[in-house]
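The values are calculated or read from the model by the stated rules, or taken from the named source; none is laboratory data. These figures come from a predicted structure and were not determined experimentally. Every residue, glycine as well, gets a Cβ built from its backbone with ideal geometry; the counts of neighbours run over all protein chains shown.
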Amino acid sequence: MERHLRLTAVVTSVKPLGDIHKSVSLFSPELGLIYAKVYGGRKGKKSALAPLFSAGTFEVYHNPLKNEYSITEEDIFFLPQSINTDIQGTYTASYFCESSMRIKTDTPSEIYELLLSALKTLEEKPELRRKIIIDYSWKLLLLSGTAGDLSECPSCSKMMANDEIMYFSTSLMTPVCKNCSDTDAIILMPGSRRYLIYTQDMSFEDSLNVQLHETAQDRLVNTLLRWVNTFCRYPLKTISSGML
Ligand SMILES: [Zn+2]
């Protein structure tokens, strides 16, 4: 049976499919990640369909025999302008899309909301780019279930002192005490740890308003990107690029 669906989604990637068509990935609150074709999407009127990083409501046709989706119509409600004019902005938006596509989740609606909020904030406040990376990455790790309680070591239950550095366990994919760590490539400084604990129950928008010193911010970006990379098992292209 052929089916028509109406999906709200963010366009997380766009790739050419031969000379004429294109393939896009959509992240929707109901279905999570799906791939859809835009027939004739590389030429003429159809090339405007499903622009990268946009969000909208898409009319999607599902062919169950081929298990294939294709986009027929759309109503875009978020179309970024400034993100694409800046190389760092483009890489950052790509990072949000790439990382959210990698997270296995039973509740795609929460990832969708976070992804859309991060893209919208990046579009409106590009000067907060590094802070958005921090708050987005922390919320993503919390949603993925990998983030433990940062006040104690999840491996040996040792309570962490206020000024203690946390190290990392690549097998547990979470910060641990020095004794339980198996790498020193990722460390979590005490100030960064306090920031993460302080903002962990806040919404993404509220945590953006919490100030973080510039040096601490740079350190925390590095820590969180390495943490996300470890969690995703093989490195993300956008993190490896060094452009974030
Ligand atoms: Zn420990």
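Looking only at segment 213-244, count how many residues are in a loop (DSSP other than H, G, I, E, B) and closer than 24 Å to S181 by Cβ.
Keep residues of segment 213-244 that are in a loop (DSSP other than H, G, I, E, B), which gives 213, 232-236, 241-244.
The next check asks that each one be closer than 24 Å to S181 by Cβ; those that pass are 232-236.
The number of residues fulfilling the criteria is 5.
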Kindly indicate whether L225 is within 20 Å of T92 (Cα to Cα) and either among the aliphatic types (A, V, I, L, M) or buried (at least 18 other Cβ atoms within 10 Å of the Cβ) (or both). yes
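Residues that are under 19 Å from the mean Cα position of the chain (by Cα), at least 3 per element: which strands (runs of 3 or more DSSP E) completely within segment 11-110 meet that?
On the way: elements: 21-28, 32-38, 55-63, 68-78.
The strands (runs of 3 or more DSSP E) meeting that bar are 21-28, 32-38.
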Which one is farthest from the ligand (Cβ to nearest atom) among residues in segment 143-168 that are assigned to a strand (DSSP E or B) and under 16 Å from T230 (Cβ atoms)? F168
For segment 174-194, which positions are crowded, with 20+ Cβ neighbours inside 10 Å, among the aliphatic types (A, V, I, L, M) and away from the ligand (no atom under 11 Å from the Cβ)? I186, L188
(1) without any contact (Cβ under 8 Å) to a residue 40 or more places away in the chain; (2) within 15 Å of T8 (Cα to Cα): which one isn't true of N84, the others all being true? (2)
I need every pair where a residue in segment 173-184 that is in the same structural domain as E152 (by TED's automatic domain parsing) has its Cβ under 6 Å from the Cβ of a residue that is near the ligand (Cβ under 6 Å from one of its atoms) and in a loop (DSSP other than H, G, I, E, B), sequence separation at least 6 or different chains. V176/C153; V176/S155; C177/C153; C177/K158; C180/C153; C180/S155; C180/C156
Filter pass, S241 being within 16 Å of the ligand (Cβ to nearest atom) and surrounded by fewer than 19 Cβ atoms within 10 Å (Cβ to Cβ): no
Could you say whether any residue in segment 218-227 is in the same structural domain as K139 (by TED's automatic domain parsing), of a type in the set (K, R) and free of Cβ contacts under 8 Å to residues at least 24 places away in the same chain? no
Being surrounded by fewer than 19 Cβ atoms within 10 Å (Cβ to Cβ), at pLDDT below 95, in contact with a strand residue (DSSP E or B) (Cβ under 9 Å, 6 or more places away or on another chain) and not in a helix (DSSP H, G or I) is the requirement here; does S171 meet it? no
